[in-house]
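All remarks here apply to the structure that follows.
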Amino acid sequence: MKVFYSEKESMKRVSKFLALSAFLLVSQNLFAKKAEVAEEKDLYEYNNIVANITKASEPKVLDKMVIFTAEAGPRYVGIAFDFEDYKSVHAFERHVCRDIDGNITSEVLFYILQRPTELTHLDYRLVIDGLWTRDPLNQNMRYDENSGISLSCLEIGERLPVLTGSSKEEGVKFIYRGESGLQVRLAGTFTAWDSWIYELTETSEGFYELTLPLPQGKYYYNYFIGMNRLVDTSNPKRAYTEDGRVSSVIVVN
């Protein structure tokens, strides 16, 4: 049996439908916003560094990052590194500094490099408005006899410790450091928390690793030595599992 509604009743139903749709859309947006909070927290350090760049100066090494700056005059500034065989040119960004009234006080170009873990030294060149050149703000340079060009040089400190992480080529490399001669097992949401499937290999004294080709997603995991459940000390990201335990977290992009 067909039911017919008056025009007024139909309008009420349409209004209710639109209101419900709007509510669902807002709820989805709020849920997505909450999901983005963790990613936004990861950007806190980067944004804080950018906020403190007020003028062009020599390169600075800050923990896991290297900050390169340039005067704001050129239309384009890029940077290329020896560890990439100068095949990629990374563009500088422009940072505008303002006073409390919103007036522009200065402008500076910058590029922030995430330090490669295995390197202690960098050779690099700039590209300023299409011309390859040394970094005019860095007095350290060397002449490369093979290419016949001058390179800017920078000592960036000791090698960074190897951490658990993922790459497109290898997958996820899990790292554990401890005493030598241990049997270190791995379990997580990718094994349904079965800790007898994977065991890390001791590749050097007290250094254990295991590489897994995990697909994209977010995973919770722990290491196991005997019946002891341990978090990954090389990975600062942690969360509580459904049973209230603390586990390490890794996101594979």
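Coordinate-derived values only; no laboratory data. Everything numeric in this text was worked out from a predicted model, so none of it was measured. Virtual Cβ from ideal backbone geometry, glycine too; neighbours counted across all protein chains shown.
Quick notes on this structure:
- Label zone at Arg229, where the point sits 7 Å out along the Cα-to-Cβ direction: region 178-221 residues whose backbone N lies under 14 Å: 186-196, 220-221
- Gain on full stretching of the segment that runs from Phe83 to His121 - 0.36 nm per residue minus C-alpha separation: 12.7 nm
- Calculated diffusion of region 90-178, Stokes-Einstein form, Kirkwood radius summed over Cα pairs, 20 °C and 1.002 mPa s, µm²/s: 127
- Convex hull of alpha carbon positions in region 49-122: directionally averaged projected area 5.5 nm².
- Measuring between alpha carbons in the structure, the pairs from Lys55/Lys218; Lys60/Lys173; Lys55/Lys173; Lys64/Lys87 lying more than 32 angstrom apart are Lys55/Lys218; Lys55/Lys173.
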